[in-house]
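**Student:** Next up is a structure, given as structure tokens.
The values are calculated or read from the model by the stated rules, or taken from the named source; none is laboratory data. Remember, it's a predicted structure, so these values are computed and weren't measured experimentally. Ideal geometry is used to build each Cβ from the backbone, glycine not excepted, and the neighbour counts take in all protein chains shown. The area values use the complete protein model at the heavy-atom level, side chains included, leaving out ligands, DNA and RNA. Shrake-Rupley method; radii C 1.70, N 1.55, O 1.52, S 1.80 Å.
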Amino acid sequence: MVFNDNRKVIAVADAAALAKTAADRLLARITANSERIAICLTGGSSPKRLYELVGNEPYRSRIPWHRTHWFIGDERFVPANDPLSNMAMARKCFLDRWAPLVNIHPIATDAADPDEAARRYEVDLKAFYGADRLERGRPLFDVVLMGVGPDGHTASLFPGCPAMAETERWAVGVAKAHVAPFVSRVTLTLPVLGSCREMLFEVSGADKRAILARVLAGDDLPAARAHSAGETVWLVDRAALPENFRGQ
């Protein structure tokens with residue numbers, strides 16, 4: 001189904017097909033860019049199968065690792081090697097095996113607090129981008145990977161969170177998470193997440209069907225507000241797809 005904005009919903013059979021379709025789309029964006037590439041990863045359990053695919057054939061050898069940079073859309077404020085760390089999961093799955101260390105851009109959770117970590121990451125992002133303000137037509141990221149939580153949050157932008165309205169800062173600290181694990185977070189803001197050629201949501205499982213129905217119906221939820229300056233794609237397996245939607 002294609003919406004009257006830049007969103008489209010693609011339905012696939014199951015979680016395995018979801019990961020493969022996501023890997024194919026990610027690779028297509030990477031190979032379309034002959035210059036420096038920037039990918040913004042997501043955390044949680046949803047992308048693990050995708051990350052494992054990317055780190056193996058036939059995908060691994062087709063990625064120009066030396067010019068592909070890996071960022072993270074949000075992070076739990078825990079030590080870098082903590083099992084709860086989003087970037088630690090991505091590093092374990094594939095990054096540490098194939099990506100040059102200089103091309104991996106974690107959020108510095110050794111900072112004094114989440115706000116300081118957010119300020120430091122904003123400096124890093126601006127240095128990579130080469131400007132202090134995002135420019136229309138020059139996206140920061142090639143792909144931003146996203147998920148949706150049971151309350152409609154995405155990244156670490158929770159319903160009612162002041163960060164939802166942030167338009168100036170590129171990253172912010174989030175003192176309190178609304179869902180487990182209940183630890184402080186650092187998250188990119190909606191304008192920065194949206195500065196991409198493609199925003200790619202992965203949604204799998206029957207437990208996501210009710211919240212996905214609300215998001216796609218336009219309820220005022222963070223995941224419904226998130227969209228790309230380019231293309232916004234919702235990859236959804238049949239278990240998660242609301243009955244009144246048909247993918248393409």
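**Student:** To the nearest 0.05, how large is the calculated FRET efficiency for residue 34 and residue 123 if R₀ is 22 Å and r is the Cβ-Cβ distance?
**Tutor:** That pair, residue 34 with residue 123, gives E of 0.20.
**Student:** Would you please name the GluC sites (Glu not before Pro) within segment 156-228 that are DSSP coil residues with at most 14 other C-beta atoms within 10 Å of their C-beta?
**Tutor:** Hits after loop and neighbour filter: 168.
**Student:** Still on this structure, I have one more. Let me know the volume per residue of the alpha-carbon convex hull for segment 110-245, in Å³.
**Tutor:** Convex hull of Cα atoms, per residue: 109 Å³.
**Student:** Averaged over all directions, how much area does the convex hull of the C-alpha atoms of segment 65-185 cover when projected, in nm²?
**Tutor:** 7.9 nm²
**Student:** Here is a further query. Calculate the FRET efficiency for residue 179 and residue 97 from the Cβ-Cβ distance with a Förster distance of 35 Å, rounded to the nearest 0.05.
**Tutor:** Once the sixth-power term is evaluated, E becomes 0.70.
**Student:** Return one whole number: the accessible area per residue of segment 39-88 in Å², for a 1.4 Å probe.
**Tutor:** I get 42 Å² per residue for this part.
**Student:** Looking at segment 19-93, which GluC sites (Glu not before Pro) are DSSP coil and have at most 14 other C-beta atoms within 10 Å of their C-beta?
**Tutor:** Passing both the DSSP loop test and the Cβ count: 35.
**Student:** Take the Cα atoms of segment 168-248, find their three principal axes, and give me the spread along each one in whole Å, biggest first.
**Tutor:** Projected onto the principal axes, the Cα atoms of segment 168-248 cover 37, 31, 19 Å.
**Student:** Additional query: Give me the three principal axis extents of segment 73-114 from the C-alpha atoms, as integers in angstrom, largest value leading.
**Tutor:** 30, 20, 17
**Student:** Right, something else. Considering Cα pairs under 8 angstrom that are at least six residues apart, work out the relative contact order of the chain and quote it in whole percent.
**Tutor:** About 26 percent, as a whole number.
**Student:** While we're looking at this one, here's another question. Quick one, what does Rg over Rh come out to for segment 25-78 if you take C-alpha atoms and the Kirkwood Rh?
**Tutor:** Result for segment 25-78 is an Rg/Rh of 0.98.
**Student:** Heavy atoms of the protein only, probe of 1.4 Å, neighbouring chains included. What is the accessible area of residue 134 in Å², nearest 10?
**Tutor:** 60 Å²
**Student:** Whole number please: convex hull volume per residue of the Cα set in the chain, in Å³?
**Tutor:** 117 Å³
**Student:** Ok, one more. Pick from 15, 175, 226: which residue has the top mean-square fluctuation in a GNM of the chain where Cα pairs under 10 Å get a spring?
**Tutor:** Highest fluctuation among the options: 175.
**Student:** Follow-up question, since we're still on this one. Percent of accessible area on the chain owned by carbon and sulfur, 1.4 Å probe?
**Tutor:** Heavy-atom surface of the chain belonging to carbon and sulfur, 1.4 Å probe: 51 percent.
**Student:** Can you tell me what share of the DSSP beta bridges in the chain is antiparallel? A percent to the nearest 5 is fine.
**Tutor:** In the chain, approximately 30 percent of DSSP beta bridges are antiparallel ones.
**Student:** 222 nm [θ] for the chain, helices only, -39500 (n - 2.57) per DSSP H run of 4+, per residue, to 500?
**Tutor:** It comes out at -7000 deg cm²/dmol, rounded to the nearest 500.
**Student:** Segment 1-59: percent of C-alpha pairs farther apart than 13 Å?
**Tutor:** Above the 13 Å cut-off, segment 1-59 has 69 percent of its Cα pairs.
**Student:** Can you give the FRET efficiency for residue 136 and residue 20, using 1/(1 + (r/R0)^6), R0 = 25 Å, r = Cβ-Cβ distance, to the nearest 0.05?
**Tutor:** Efficiency, rounded to the nearest 0.05: 0.15.
**Student:** Just to confirm, what accessible area per residue do you get for segment 130-192 at 1.4 Å probe, in whole Å²?
**Tutor:** 43 Å²
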